[in-house]
Amino acid sequence: MPNYNTQHDEVWRLFKRGDKEAFATLYRTHVGALVNYGNKISSDRTLIEDSIQDLFIELWQNRERVSDTTSVKFYLFKALRYKVYRKLKTDNFFHSQDIEHHQNDLSYASHESNLIGLEVQSLQMENLRSLIKQLPKRQQEAINLRYFHNFSNEEVAQIMGVNYQSACNFIFSALQKLKLNLKVSVTSLLIFLKFFLS
């Protein structure tokens, strides 16, 4: 029996060869992060769950034709984003020109009590949560990908389907807005983001 404590790329290779246990490992390893990311794209949980299910069904059905990847997580995030937006457009949830301004409530997990003990810091965390919800949709998504899922700026751009400069602009603009409203340094803001989005 294969050892599944190997690196993700080995599990990916086994999955491509038709190994069902490797496929199950891929699902268990990534489904939580995919649900979390999907919920940042749309508040329709059923649509997200259906999209993830469809994604894995299609992966299995097309396993022999699926390309090799240097990052399984990146591959799955990009595929899920494409699938969700395609479903949203197909089902007429919103028009493509409204994507930038479409606002969804973010359901970030709150770890203030475990991570930050001081009351003033807790208040800043509450302010941060509120301010992130007020950012344009694409800036919210970029911040989530960059600081929650630890993708590079280049990977953020590829997942979001925009050029590198646009991804950097989304992240920079979001950080600037948050910094100005929180009245903290960029360094402090990045620390807050790491705590808040972890």
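Quick check on D68: is it farther than 25 Å from Q140 by Cβ, out of contact with any helix residue (DSSP H, G or I) (no Cβ under 6 Å at 6 or more places or on another chain) and free of Cβ contacts under 8 Å to residues at least 24 places away in the same chain? Against the criterion (farther than 25 Å from Q140 by Cβ, out of contact with any helix residue (DSSP H, G or I) (no Cβ under 6 Å at 6 or more places or on another chain) and free of Cβ contacts under 8 Å to residues at least 24 places away in the same chain), D68 does not qualify.
Yes or no, residue by residue, for (1) assigned by TED's automatic domain parsing to the domain that holds Q140; (2) of a type in the set (V, I, T); (3) closer than 11 Å to L76 by Cα:
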{"position": "K20", "(1), (2), (3)": "no, no, no"}
{"position": "T25", "(1), (2), (3)": "no, yes, no"}
{"position": "R28", "(1), (2), (3)": "no, no, no"}
{"position": "A33", "(1), (2), (3)": "no, no, yes"}
{"position": "N36", "(1), (2), (3)": "no, no, no"}
{"position": "T46", "(1), (2), (3)": "no, yes, no"}
{"position": "Q53", "(1), (2), (3)": "no, no, no"}
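Taking the criterion of being free of Cβ contacts under 8 Å to residues at least 24 places away in the same chain and either of a type in the set (S, T, N, Q) or surrounded by 18 or more Cβ atoms within 10 Å (Cβ to Cβ) (or both), the residues of the range 32-65 that qualify are T46, Q53, Q61, N62. Scanning the range 45-82 for residues that are under 22 Å from F151 (Cα atoms), in a helix (DSSP H, G or I) and of a type outside the set (A, V, I, L, M, F, W, C) gives S51, K73, Y75, K78, R81, Y82. Looking at the range 134-146, is at least one residue in contact (Cβ under 8 Å) with a residue 60 or more places away in the chain, in a helix (DSSP H, G or I) and surrounded by fewer than 20 Cβ atoms within 10 Å (Cβ to Cβ)? Scanning the range 134-146 turns up no residue that is in contact (Cβ under 8 Å) with a residue 60 or more places away in the chain, in a helix (DSSP H, G or I) and surrounded by fewer than 20 Cβ atoms within 10 Å (Cβ to Cβ). So, T29, is that one more than 20 Å from I132 (Cα to Cα) and either surrounded by 10 or more Cβ atoms within 10 Å (Cβ to Cβ) or at pLDDT 85 or above (or both) or not? Judged against the criteria, T29 is a match. For K89, indicate whether it is outside the structural domain of N150 (by TED's automatic domain parsing), assigned to a helix (DSSP H, G or I) and at pLDDT below 85. For K89, the condition - outside the structural domain of N150 (by TED's automatic domain parsing), assigned to a helix (DSSP H, G or I) and at pLDDT below 85 - is met.
The values are calculated or read from the model by the stated rules, or taken from the named source; none is laboratory data. Quick caveat: nothing in here was measured; it's all calculated off a predicted structure. Cβ: placed from backbone, ideal geometry, glycine included. Neighbour counts: every protein chain shown.
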